[in-house]
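The values are calculated or read from the model by the stated rules, or taken from the named source; none is laboratory data. The structure displayed is predicted, hence computed values, not measured ones. So basically every Cβ, Gly included, is an ideal-geometry build from the backbone, and we count neighbours across all protein chains shown.
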Amino acid sequence: MTGSMAWTFPGGRFEQSVTSVTLVNATGKIVDTVVPAGKLWILVSIKAKNSDDVARVITLYIYKEAAKTNLLRVLQNASVNASALLHYPAGAGVDAEEQTNPYPILAAGNAISVQWTTGGASTGGTAADGLVIEYLEVSVSA
């Protein structure tokens, strides 16, 4: 074989969801991402940025449904300094579940919820790539 190479992802098609995040003075922020119907995701990574000029706690949750009634797990919960990044799974704290399964499988309807707590008085800030979720997506039928 010469001159060809094929990449195969047995877990599905690789996707990157990039969301702009604006943090406002003394106000929390929540961004929810729901797995679409007919899809299954294998979560690869999450990057969340604190674009503010004060430290904020960022928490990554997975819920069974978009209404966020049933919490399945807390992936990570950490204080993030001003203008710093939180990376999952590499930067997961000791209270996170990444040690047992760093690449959870998410079913259709599951929600990834990312929460930035208020950091107090600040100037706020916006990051065009404030939240990046990378995952493998598989189409499934009922």
Being at pLDDT below 95, surrounded by fewer than 19 Cβ atoms within 10 Å (Cβ to Cβ), touching a strand residue (DSSP E or B) at 6+ places or on another chain (Cβ under 7 Å) and among the polar types (S, T, N, Q), is that true of even one residue in segment 99-106?
-> no
Checklist (1) at pLDDT 95 or above; (2) surrounded by 15 or more Cβ atoms within 10 Å (Cβ to Cβ) applied to S17, failing item | (2)
Residue list for segment 71-81, restricted to those being over 24 Å from N110 (Cα atoms) and surrounded by fewer than 15 Cβ atoms within 10 Å (Cβ to Cβ) | S79, N81
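Condition check ((1) on the phi > 0 side of the Ramachandran plot; (2) modelled with pLDDT under 95; (3) under 15 Å from the mean Cα position of the chain (by Cα); (4) not aromatic (F, W, Y)) across all residues:
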site	(1), (2), (3), (4)
R13	no, yes, no, yes
K29	no, no, yes, yes
N50	no, no, yes, yes
T59	no, no, yes, yes
Y63	no, no, yes, no
